[in-house]
1. Of everything in region 114-134, what is in contact (Cβ under 8 Å) with a residue 40 or more places away in the chain, over 12 Å from ASN19 (Cα atoms) and surrounded by fewer than 17 Cβ atoms within 10 Å (Cβ to Cβ)? Give them in sequence order.
2. Answer yes or no: is there a residue in region 95-109 that is more than 17 Å from the chain's Cα centre (by Cα), aliphatic (A, V, I, L, M), open to solvent by 30 Å² or more (accessible area, probe 1.4 Å) and at pLDDT below 95.
3. So VAL188 fits all but one of (1) within 23 Å of ALA7 (Cα to Cα); (2) open to solvent by less than 70 Å² (accessible area, probe 1.4 Å); what number is the exception?
4. For region 175-184, state whether one or more residues are closer than 20 Å to ILE39 by Cβ and either in a helix (DSSP H, G or I) or touching a residue at least 40 places away in the same chain (Cβ under 8 Å) (or both).
5. Under the condition of being charged (D, E, K, R) and surrounded by 13 or more Cβ atoms within 10 Å (Cβ to Cβ), which residue from region 157-178 is nearest to ARG20 (Cα to Cα)?
6. Being on the phi < 0 side of the Ramachandran plot, in contact with a His (Cβ under 7 Å, 6 or more places away or on another chain) and hydrophobic (A, V, I, L, M, F, W, C) is true for just one of ALA122, ALA91, ALA157, ALA177. Which residue is that?
7. I'd like the residue in region 8-28 that is farther than 25 Å from ALA93 by Cα, among the hydrophobic types (A, V, I, L, M, F, W, C) and within 18 Å of the chain's Cα centre (by Cα) and, out of all such residues, is least open to solvent (accessible area, probe 1.4 Å).
8. Mind listing whichever residues of region 45-80 are in a helix (DSSP H, G or I) and open to solvent by less than 30 Å² (accessible area, probe 1.4 Å)?
Amino acid sequence: MSHIKIANTEHNVLDLIKNRWSPRSFSDKVIPENDLHTILEAAGWAASANNEQPWQYYYASKGNDGFVQIAESLFGGNKPWAQNSDVLIVAVARKTFEANQTENGAAMHDLGMANAHLLLQASALNIYGHMMGGFDRTKISETLGLTENQLPVAIIALGYLDDAEKLEEPFKSRELAARVRKPLNEFVFSKN
């Protein structure tokens, strides 16, 4: 049976955040186009330096050539389970500011903000996303016809949860393992 791995937090974190996690077991259920557009629009409302909005998303749904092409760029640890998702999204950062073509040092940060919005909106719709950095950036850049100013940063698998038992190892164990995060004192420091 599919299950949600709710985070066990020390403080009163929003349920939307506690319920967001990165599954590997996806069902065959199709994400409605309107829900997918809602998820992508949520990404567009992230904060960005100078309101540059340096993010770009290329997506394909299962059953079409674009999905296969994106899946082919995934490394071995991601390909076996990610190809069962309903949608694959390539998150791309535009490296320079549009106004003057100078380097945008905040582009990666801003794309990360947009990706977080995307994942939280998906969670609100009971759709789950798994971010992946394990892919061939050269191959996906060629597949999508990206320019040198476009950096593929992550591929996101989106879909509805399915039973962890259908996964092969080591993915099944990872799916069933408890969620663990570092305590605040390991990454937050007061400077008084």
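1. If the condition is that a residue be in contact (Cβ under 8 Å) with a residue 40 or more places away in the chain, over 12 Å from ASN19 (Cα atoms) and surrounded by fewer than 17 Cβ atoms within 10 Å (Cβ to Cβ), then ALA116, GLY134 are the ones that fit.
2. yes
3. (2)
4. Checked against the condition, which is being closer than 20 Å to ILE39 by Cβ and either in a helix (DSSP H, G or I) or touching a residue at least 40 places away in the same chain (Cβ under 8 Å) (or both), region 175-184 yields no hits at all.
5. Of everything passing the filter in region 157-178, GLU175 is nearest to ARG20 (Cα to Cα).
6. Just a single option satisfies the conditions, and that option is ALA157.
7. The extreme case among them is PHE26.
8. Within region 45-80, GLY66, PHE67, ILE70, ALA71 qualify.
The values are calculated or read from the model by the stated rules, or taken from the named source; none is laboratory data. From a predicted model like this one, the values you see are computed outputs, not experimental measurements. Virtual Cβ from ideal backbone geometry, glycine too; neighbours counted across all protein chains shown. Side chains are part of the model used for accessible areas, which takes the heavy atoms of the whole protein and leaves out ligands, DNA and RNA. Shrake-Rupley method; radii C 1.70, N 1.55, O 1.52, S 1.80 Å.
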